[in-house]
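**Q** The structure under discussion is supplied below as structure tokens; questions concerning it will follow.
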Amino acid sequence: MKKSFKIFCLILIFFGIHLFQSQKPQNYIYTSSGDLHDIEKLITRKDIGGVQIVYNWKSLETEKDVYDFSRIEKDLDYLTTLDRKLFIQLQDRFFEPEARYVPDYILKDKEYNKGLVPQYDNPGENKPVGNGWVTQQWNPEVRNRFQKLIEALAQKFDGKVQGINLPETSIDIDMKKDKTGFSCDRYFQAELDNLKFARNAFKKSYVLQYVNFFPCEWENDHQYMSRLFKFAKENNIGLGGPDIVPNKNAQMKNSYPFFNQYKGKLPLVAMAVQEPTLTYKNPKTKKPFTKEEFVEYAENYLGVEIIFWSVESPWLKELKVEN
């Protein structure tokens, strides 16, 4: 009888593990603050588990040491009534020329050295090069202020939001003309410093770092990518990225193989299908990737547990809403 019971338990464990491993990634909506009521029909679909909302630095710190978290509070209250979870994306880099969304004192006070530097951006397949701004996190004075914001957010929302994610590691600045003290090593260390600070500040909620590329690096030739993944595993940090593009060459030379290598070894892997992602075509079909193709690659190769979908995703825009 005891032997039979043990065999029965082993069978249950086997099928339990198999069931867990075969679960599809959860679907979340990716959007901006203030848009929630307009997309309530999407949020309340049975196949949607939560919402990732982008909040820029300036909207949260209106003056030095003056924080306004009313937008987050409002969004959190609203989503809680709908039994949906909230992921905060804290944004310190921007992809439009007029977007300089850091507090005014960061732009004006001398110790911050104007706070931002111009950067270039790839807005999607066969799209013209875009440009915007990135915060000088390699400037210790700027980084200190950014970490104070993270600390204030943790004091208010740790354990209340599902998680906070820091934006993508990729930046593309004109290093030859730089006068800010930028170096690739300084940038990498600054990103790790912010990530470690966020992990220490948020004790209960997930901490997630978006990682796609690092400046100066290709195929891990500076060991930035390998060091980041190792650091994340050792410090209970989740990783993700702004784009799921199956087998894209540039990604395969950078972050994607590490996601595959670390499948099941991180507390969370969450990645996005944003507007630029939707422009990419499957080279075999010559058509935009389908939802099924995104999900299959995210689940089986990248080990993704949550996908943050742009509201522009075709499957979300279908007339039939699952309620």
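The values are calculated or read from the model by the stated rules, or taken from the named source; none is laboratory data. Please read all numbers here as calculations on a predicted model, not as lab measurements. Here the Cβ is made from the backbone with ideal geometry for all residues, glycine too, and neighbour counts use every protein chain on show. These area figures cover heavy atoms from the full protein model, side chains too; ligands, DNA and RNA do not enter into them. Shrake-Rupley method; radii C 1.70, N 1.55, O 1.52, S 1.80 Å.
**Q** Would you confirm whether or not segment 248-257 contains a residue that is at pLDDT 95 or above, farther than 14 Å from Trp309 by Cα, open to solvent by 30 Å² or more (accessible area, probe 1.4 Å) and touching an Asp or Glu at 6+ places or on another chain (Cβ under 6 Å)?
**A** yes
**Q** Given the structure, is Val269 without any contact (Cβ under 8 Å) to a residue 60 or more places away in the chain, in contact with a Ser or Thr (Cβ under 7 Å, 6 or more places away or on another chain) and either among the β-branched types (Val, Ile, Thr) or surrounded by fewer than 19 Cβ atoms within 10 Å (Cβ to Cβ) (or both)? Outline the logic, then answer.
**A** Working: without any contact (Cβ under 8 Å) to a residue 60 or more places away in the chain: yes; in contact with a Ser or Thr (Cβ under 7 Å, 6 or more places away or on another chain): no; either among the β-branched types (Val, Ile, Thr) or surrounded by fewer than 19 Cβ atoms within 10 Å (Cβ to Cβ) (or both): yes.
In short, no.
**Q** If you check every pair at least six apart or on different chains, which have Cβ atoms under 6 Å apart with a residue in segment 247-264 that is under 15 Å from Ala232 (Cβ atoms) first and a residue that is in a helix (DSSP H, G or I) second?
**A** Phe258/Met225; Phe258/Phe229; Phe259/Leu302; Asn260/Tyr301; Tyr262/Phe229
**Q** For segment 53-69, enumerate the residues that are within 26 Å of Ile307 (Cα to Cα) and either open to solvent by 20 Å² or more (accessible area, probe 1.4 Å) or out of contact with any strand residue (DSSP E or B) (no Cβ under 8 Å at 6 or more places or on another chain) (or both).
**A** First, the residues of segment 53-69 that are within 26 Å of Ile307 (Cα to Cα): 53-57, 59-60, 69.
Listed by number, the residues that qualify are Val54, Asn56, Ser59, Phe69.
**Q** Continuing with this model, one more query. Scan Leu90, Leu36 and give me the residue that is open to solvent by less than 20 Å² (accessible area, probe 1.4 Å), at pLDDT below 95 and touching a helix residue (DSSP H, G or I) at 6+ places or on another chain (Cβ under 9 Å). Spell out the reasoning first.
**A** Values: Leu90 fails: at pLDDT below 95.
That would be Leu36, the only listed residue that is open to solvent by less than 20 Å² (accessible area, probe 1.4 Å), at pLDDT below 95 and touching a helix residue (DSSP H, G or I) at 6+ places or on another chain (Cβ under 9 Å).
**Q** Shifting gears a bit: Would you please name the residue that is nearest to the chain's Cα centre (by Cα), looking only at residues in segment 60-81 that are farther than 16 Å from Val161 by Cβ and outside any loop (DSSP other than H, G, I, E, B)?
**A** Of all residues in segment 60-81, those farther than 16 Å from Val161 by Cβ come to 61-66, 68.
Adding the requirement that they be outside any loop (DSSP other than H, G, I, E, B) leaves 61-63, 66.
Working: Glu61: 21, Thr62: 24, Glu63: 26, Val66: 26 Å.
Checked segment 60-81; the qualifying residue nearest to the chain's Cα centre (by Cα) is Glu61.
**Q** From the residues in segment 158-183 that are surrounded by 11 or more Cβ atoms within 10 Å (Cβ to Cβ) and small (Gly, Ala, Ser), which one is nearest to Lys114 (Cα to Cα)? Can you show your working first?
**A** Of all residues in segment 158-183, those surrounded by 11 or more Cβ atoms within 10 Å (Cβ to Cβ) come to 158, 160-175, 178, 180-183.
In the following step, the residues that additionally are small (Gly, Ala, Ser) were identified as 163, 170, 181, 183.
Details: Gly163: 30, Ser170: 21, Gly181: 13, Ser183: 17 Å.
Ranking the qualifying residues of segment 158-183, first place goes to Gly181.
**Q** Then there's this: Name the pairs: first residue in segment 120-144 and of a type in the set (Val, Ile, Thr), second residue modelled with pLDDT of 65 or more and open to solvent by 40 Å² or more (accessible area, probe 1.4 Å), Cβ to Cβ under 6 Å, at least 6 apart or on different chains?
**A** Every condition considered, the pairs that remain are Val129/Tyr120.
**Q** If you take the residues of segment 94-147 that are among the hydroxyl-bearing types (Ser, Thr, Tyr) and outside any loop (DSSP other than H, G, I, E, B), which of them is modelled with the lowest pLDDT?
**A** Going through segment 94-147, the residues among the hydroxyl-bearing types (Ser, Thr, Tyr) turn out to be 101, 105, 112, 120, 135.
From what is left, the residues that are outside any loop (DSSP other than H, G, I, E, B) are 105, 112, 120, 135.
Details: Tyr105: 98, Tyr112: 98, Tyr120: 80, Thr135: 97.
Among those residues, the one meeting the criterion is Tyr120.
**Q** Would a scan of segment 220-243 turn up a residue that is surrounded by fewer than 16 Cβ atoms within 10 Å (Cβ to Cβ), among the polar types (S, T, N, Q) and touching an Asp or Glu at 6+ places or on another chain (Cβ under 9 Å)?
**A** yes
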